[in-house]
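Structure first, then comments.
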Amino acid sequence: MSNRVSYPYIRGRSILNQDGNAQGSASEVIQPEKVVMGPPPEPDYPRYRVKPGNRASLAAIDPDETEHYRKKKDVARALEKQRRRIQDLQGRLYAENERGLLIVLQAMDTGGKDGTIKHVFGGVNPQGCRVSSFKAPSAEEANHDFLWRYHKSAPAKGRIGIFNRSHYEDVLVVRVKNMVPEEVWSARYELINDFERGLAANGVTILKFFLHISKDEQKKRLQSRLDDPDKRWKFSSNDIKERAFWDAYQQAFEDALSNCSTEHAPWYVVPANKKWYRNLVVARTIADTLEAMDPQYPPAEEALEKVKIPD
């Protein structure tokens, strides 16, 4: 007998259960990656989720955490398993063409957003996956509301969208650098929640990952870029200036995580000092979420068994 839980998934503006009956509003979507076949991965995964209504504390999560794994080779087989799951489930999501998945990646400088994309999504069909990177807004983007450029990049039906930095920059860097008054950026938390709620109500499942590194680890990574001629292109003198705002960014991230981790768009604080463990946690969460979404290949035409290919 299957121990699978019936997962309410989103189709159009209403949430349907697997019998196709209306189940509720987008805000009632349950924690997706918990609804999978069998027990959750050990030891007590997912404990990195910021529970809605709880205060996030980055200091409470050890960025060196690796569960029972000790070396990169210890996770090699597990990571490959999760990547293969993502590849298979993405193919089904693309063929179904009814729902989308949005992955949001945020981190301090050198936190590993690019590396996560490379190592988690290697082998994914590029036709069904799009990476959007957000830097300083262009003149056109600045002339619209702050969410305009992000909405344009939201994943279409059947697609996985990856935000390398995201709409959260507008409650992070603009706050730390005093680019807008507090009454402006503080009001954006609810606007962001509404934006994500609207995406969920239109069939987009949302997962948000904060890649959590220590200040010492950032220093090591910056130094490694300076020491390796092939990596110096990644280094900018502005990195040193940004590092001076470490504490302010930590506070800004904690406030964003606390205000914007919801049932329909959860935040995860992923220990990321060990890159190989970071990749495993992110891949595992995405694969379990896709599994819970349970995308299906569309039905084939009737009587195809009678079709003969002409010479």
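Just so it is clear, none of the values below were taken in a lab; they were calculated from the coordinates. What you see is a predicted model, and the numbers here were worked out from it, not measured in a lab. In this analysis, Cβ positions are derived from the backbone assuming ideal geometry, glycine residues included, and neighbour counts consider all displayed protein chains.
Between the alpha-carbon centres of region 230-294 and region 123-153 there is a gap of 18 Å. Over the chain, DSSP H runs of length four or greater, each weighted -39,500 (n - 2.57), average out per residue to a 222 nm ellipticity of -11500 deg cm²/dmol. Rounded to the nearest 20 debye, the dipole size of region 65-188 about its Cα centre is 760 debye, using +1 on the Cβ of Lys and Arg and -1 on the Cβ of Asp and Glu.
What net charge is computed for the residues neighbouring residue 56, neighbours being all others with C-beta under 14 Å from the C-beta of residue 56, Lys and Arg scored +1, Asp and Glu -1? Summing Lys and Arg as +1 and Asp and Glu as -1 gives +3.
Relative to its Kirkwood radius, the Cα radius of gyration of region 72-132 gives an Rg/Rh of 1.00. Rounded to the nearest 20 debye, the dipole magnitude of the chain is 1000 debye, with +1 charges on Lys and Arg beta carbons, -1 on Asp and Glu beta carbons, and the Cα centre as origin. Among beta bridges from DSSP that stay inside the chain, the antiparallel ones total about 20%. Residues whose amide H comes within less than 5 Å of that of residue 212, counting only those at least five positions distant or on another chain, are 270, 272 (H built at 1.01 Å from N in the peptide plane). For region 215-311, the alpha carbon positions stretch 69, 40, 22 Å along the principal axes, listed from largest to smallest. Toward the positive end of the charge dipole of region 111-230, with +1 on the Cβ of Lys and Arg and -1 on the Cβ of Asp and Glu, the farthest Cα among 192, 223, 138 is that of 223.
At 10 °C and 1.306 mPa s, what whole-number value in µm²/s does Stokes-Einstein give for the translational diffusion of the chain, with Rh from the Kirkwood sum over Cα pairs? In µm²/s, the coefficient is 77. For region 264-311, the alpha-carbon radius of gyration amounts to 2.13 times the rule-of-thumb value 2.2 N^0.38 Å expected for a compact globular protein. With K and R counted +1 and D and E -1, the other residues having a Cβ less than 11 Å from that of residue 150 yield a net charge of -2. All other residues whose Cβ lies under 12 angstrom from that of residue 244 are scored, Lys and Arg at +1 and Asp and Glu at -1, for a net of 0.
The slack between residue 133 and residue 184, meaning 0.36 nm per residue of separation minus the straight C-alpha distance, is 16.0 nm. The simple Förster model, with R0 at 25 Å and r as the Cβ-Cβ distance, assigns residue 305 and residue 92 a FRET efficiency of 0.65. Peptides 59-66, 301-308, 79-86, 216-223 ranked from most to least packed, by the mean per-residue count of other Cβ atoms within 10 Å: 79-86, 216-223, 59-66, 301-308.
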